[in-house]
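Peer 1: Dropping the structure in here first, questions after.
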Amino acid sequence: MIVVAGEALIDLAPRDGLLLPLAGGSPYNVAVGLGRLGRATHYLGGLSRDAFGRLLAERLAADGVDLSLAPRFEAPSTLAVVHLDDEGRATYGFYLDGTAAAAIEQAHLPALPDRAALHVSLGAIGFAHEPTGAALAALLRREAGTRLTSLDPNVRPLACHQAGGVAAYARMVDEVVAGLDLVKVSDEDLAQLHPEVDGWQAVARRWAGSGPAQVVVTRGPDGAVAITADGREVSVPGERVEVVDTVGAGDAFTSGLLAWLDREGVSGRAELAGLDDDALRSALTSARRAAAITCTRAGSDPPRVDEVEG
């Protein structure tokens, strides 16, 4: 069982000169992906009572995600405007203040189900955002040592701006990372957080030595690598597919990775640290497959279990 915490929002995505409203948000996408991969999943994030909020909730429920931990608010749903470059890579502009996703406070954080893993994905809401980002950081600290904890920092310029700059935000992320079991992060995010360091590899190795049992780095078409606390590095190459766009690909990778761990009974730090190279390679391959399939379709549309295993 996995609890996924963070924002749910509506992506306004370009389609034929118009903006099409699509359910999204990094943690929301991860929860949907896990549900489609057949894992027992709870979503913990603020949902509006408006029409968009009902759409978000209905899609989660349709994919088997439990909403009992998700508070509802009268505030409107959060919006993100998606911009795609010529290669299908996405950037985002956010309408966040005063919305449901940004309304979560520490008082809204419930007790989590026994033995459930906890995953937090960031995005429009980073750790510097008050009150919700601070609440997510507090949740990870509260649950450390009691269950498997993981993070995707998913760095956005807005999060760095909220902290007063990249360096200040990087210090926040570094502090939280040191208390986690697992970090999944892109090479681009590592370079963005620590431009003063020569290469993303050095940052990933430093993170792996600071506390997590594993740091898993996604590298787009170049595949992914897992770096362990004891210095091992296990990598898989990228999977060649016809790319429609990359929206939600990183989230699908996260879903695939967490689903593999849940299926294999990895419920704590000791089991995670005990995975050998073959097991790590299998986990990365499964996650890579989920991401590759998502890249072949428009928007965040993660695969179902029969597509990944077929």
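Peer 1: Kindly provide the set of residues from region 138-150 that are closer than 14 Å to residue 44 by Cβ and not hydroxyl-bearing (Ser, Thr, Tyr), ordered by number.
Peer 2: Result: 138, 139, 140, 142, 143, 147.
Peer 1: Related question: Tell me, which strands (runs of 3 or more DSSP E) lie completely within region 182-253 with 2 or more residues that are in contact with a helix residue (DSSP H, G or I) (Cβ under 7 Å, 6 or more places away or on another chain), of a type in the set (A, V, I, L, M, F, W, C) and surrounded by 23 or more Cβ atoms within 10 Å (Cβ to Cβ)?
Peer 2: Numbers: elements: 182-186, 214-218, 224-228, 233-236.
Ranges flagged: 182-186, 214-218, 224-228.
Peer 1: Can you tell me which residue is surrounded by the most Cβ atoms within 10 Å (Cβ to Cβ) among those in region 157-181 that are in contact (Cβ under 8 Å) with a residue 40 or more places away in the chain and not aliphatic (A, V, I, L, M)?
Peer 2: Quick first cut of region 157-181, residues in contact (Cβ under 8 Å) with a residue 40 or more places away in the chain only: 158, 168-169, 172-173, 176, 180-181.
Going one step further and asking which of them are not aliphatic (A, V, I, L, M), we end up with 169, 181.
Details: 169: 23, 181: 25.
Filtering first and then ranking leaves 181.
Peer 1: Just to be sure I understand, how many residues within region 287-296 are out of contact with any strand residue (DSSP E or B) (no Cβ under 9 Å at 6 or more places or on another chain) and either surrounded by fewer than 16 Cβ atoms within 10 Å (Cβ to Cβ) or within 12 Å of residue 216 (Cβ to Cβ) (or both)?
Peer 2: Residues in region 287-296 being out of contact with any strand residue (DSSP E or B) (no Cβ under 9 Å at 6 or more places or on another chain) and either surrounded by fewer than 16 Cβ atoms within 10 Å (Cβ to Cβ) or within 12 Å of residue 216 (Cβ to Cβ) (or both): 1 in total.
Peer 1: Given the condition closer than 27 Å to residue 309 by Cα and out of contact with any strand residue (DSSP E or B) (no Cβ under 6 Å at 6 or more places or on another chain), answer yes or no: does some residue in region 47-57 qualify?
Peer 2: No, region 47-57 has no match at all.
Peer 1: Scan region 245-268 and give yes if some residue there is within 19 Å of residue 181 (Cβ to Cβ) and free of Cβ contacts under 8 Å to residues at least 12 places away in the same chain, otherwise no.
Peer 2: yes
Peer 1: Please verify whether residue 23 is crowded, with 18+ Cβ neighbours inside 10 Å, touching a residue at least 12 places away in the same chain (Cβ under 8 Å), under 19 Å from residue 94 (Cα atoms) and touching a Lys or Arg at 6+ places or on another chain (Cβ under 6 Å), treating the condition exactly as stated.
Peer 2: Working: crowded, with 18+ Cβ neighbours inside 10 Å: yes; touching a residue at least 12 places away in the same chain (Cβ under 8 Å): yes; under 19 Å from residue 94 (Cα atoms): yes; touching a Lys or Arg at 6+ places or on another chain (Cβ under 6 Å): yes.
Yes; evaluated as a whole, the condition is true for this residue.
Peer 1: If you check 123, 133, which single one turns out to be touching a Phe, Trp or Tyr at 6+ places or on another chain (Cβ under 9 Å), buried (at least 22 other Cβ atoms within 10 Å of the Cβ) and either of a type in the set (S, T, N, Q) or without any contact (Cβ under 8 Å) to a residue 60 or more places away in the chain (or both)?
Peer 2: Working: 123 fails: either of a type in the set (S, T, N, Q) or without any contact (Cβ under 8 Å) to a residue 60 or more places away in the chain (or both).
Exactly one of 123, 133 is touching a Phe, Trp or Tyr at 6+ places or on another chain (Cβ under 9 Å), buried (at least 22 other Cβ atoms within 10 Å of the Cβ) and either of a type in the set (S, T, N, Q) or without any contact (Cβ under 8 Å) to a residue 60 or more places away in the chain (or both), namely 133.
Peer 1: Let me ask something else about it. Looking at region 255-296, which of its residues are in a loop (DSSP other than H, G, I, E, B) and within 19 Å of the chain's Cα centre (by Cα)? Show your work before the answer.
Peer 2: Our first condition is that a residue be in a loop (DSSP other than H, G, I, E, B); within region 255-296, this holds for 264-268, 274-276, 296.
Passing the criteria: 266, 267, 268.
All of the numbers you see were taken from the coordinates with simple rules; none came from a lab. What you see is a predicted model, and the numbers here were worked out from it, not measured in a lab. Glycine also receives a Cβ, built like all others from the backbone with ideal geometry; neighbour counts cover every protein chain displayed.
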